[in-house]
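Below you'll find the structure, written out as structure tokens, and then a few comments.
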Amino acid sequence: MFKARVEAGFSSAHNLRGYKGKCEELHGHNWKVEAIAQSNILDKTGLLIDFRVLKAELREVLDALDHKYLNDIAFFKKVNPTSENIAKYIYGRLKKRIPKIKSVTVWENDTSAATYEE
């Protein structure tokens, strides 16, 4: 099994509805996002996917979140904008562009991350 991994980031604000604590208040993060593609098969040049393509697609998905209040995005009006749900949101949009996507990990700081994969 082969895996290719890229990282990118975005900045945004959110608040967690129904959370009892500081995160219920409006606050922001400089999120780091890791996307991993996976396949048993490489293309004729020996690549699973061109890193440049994977990073560009991830960047395009993240641009829709960058410098936004996440709670105002339609998806997050229905679900809380937790790190877990942000990872799922990014995964779903990236999977439509790159079927080989295996997982998306979202860090809200250097020591705390959530991963979504199917």
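A short reminder: the numbers here are calculations on the coordinates, not readings from a lab. All of these numbers come straight from a predicted model, not from anything done at the bench. Reconstructed Cβ throughout: ideal geometry from the backbone, glycine too, with neighbour counts over all protein chains shown.
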State to the nearest 20 debye the size of the charge dipole of the stretch 2-117 about its Cα centre, where the only charges are +1 on K and R beta carbons and -1 on D and E beta carbons.
400
Residue with peak Gaussian network fluctuation, the chain [Cα springs, cutoff 10 Å], from LYS55, LYS95, LYS44:
LYS44
Qualifying GluC sites (Glu not before Pro) in the stretch 15-86, DSSP loop, other Cβ atoms within 10 Å at most 12
GLU25
Relative to the longest principal Cα axis of the chain, at what angle does helix 51-63 sit, 0 to 90 degrees, rounded to 10?
20
May I ask for the angle, rounded to the nearest 10°, between helix 83-97 and the longest principal axis of the chain, with both axes built from Cα atoms and the value confined to 0 to 90°?
40
Anyone know which of VAL33, VAL61, VAL104 comes out most mobile in the 10 Å Cα GNM of the chain?
VAL61
I need the phi-derived Karplus couplings for the stretch 102-118: 6.51 cos²θ - 1.76 cosθ + 1.60, θ = phi - 60°, integer Hz, Gly and Pro marked x.
9, 7, 10, 10, 10, 9, 8, 7, 5, 10, 9, 9, 10, 10, 10, 8, 9
